[in-house]
Amino acid sequence: MYPEVMVIPMREELTRAGIKETRTAEEVDAALAQSGTTMVVVNSICGCAAGRMRPAVRVAMQNSVVPDQSITVFAGQDMEATDRARGYLEGQPPTSPAIALLRDGKLVYLMQRFVIESNPPQAIAQELARAFNEYCSKTTA
């Protein structure tokens, strides 16, 4: 684990975009018990999270259709929350960073690290917007 002071800016990059941070298994369970579509962002300290995933998520959240709610867990920092979130990903291998969409607690879309690290932020944001349009129904004002 890294000192918390080092990861605060990485946490805040997503929370400033309106994504709720979940740091315990109970917070993850409570969020995923809500009906509708939830985006789960598995944050990470790695370079592909910093240079690709977080910027792409911020852009995608400006799409006209977004998830009903969005949460984040931080791999390598909030172990319990990350393990619980990964448990909802129905047998998919754990990767970080990763971005998942769940509808009523069931996985409907997953973007794993190999996709994130091999695409520029613009392409990731476009793919997320496409997934939002397909799986989500909440429109922004």
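Please treat every number below as a calculation from the coordinates, not as lab data. Just so you know, these numbers come straight off a predicted model, no measurement behind them. With ideal geometry, Cβ positions are generated from the backbone for all residues, glycine too; neighbour counts draw on all protein chains shown.
In the chain, helical runs assigned H by DSSP with n ≥ 4 each contribute -39500 (n - 2.57); averaged across all residues and rounded to the nearest 500, the mean residue ellipticity at 222 nm is -11500 deg cm²/dmol.
Each Lys and Arg Cβ is given +1 and each Asp and Glu Cβ -1; about its Cα centre, the stretch 4-132 then shows a dipole of about 420 debye. Between Thr95, Ala33, Val59, the Cα set farthest toward the positive side of the dipole of the stretch 4-132 (charges on each charged residue's Cβ, about the Cα centre) is that of Val59. Pick the calculated mean projected area of the Cα convex hull in nm² for this structure from (1) 8.3; (2) 7.4; (3) 14.7? Here the calculated entry is (2). With θ taken as phi - 60° and the Karplus curve 6.51 cos²θ - 1.76 cosθ + 1.60 applied, the whole-hertz 3J(HN,Hα) list for the stretch 3-16 is x, 3, 4, 6, 9, 3, x, 6, 5, 5, 4, 8, 5, 5 Hz, x standing for glycine and proline. Restricting the trypsin sites (Lys or Arg not before Pro) of the stretch 1-105 to loop positions (DSSP other than H, G, I, E, B) with no more than 15 neighbouring Cβ atoms within 10 Å leaves Arg16. Per-peptide packing, taken as the mean over residues of other Cβ atoms within 10 Å, places 122-130, 69-77 in the sequence 69-77, 122-130 from highest down.
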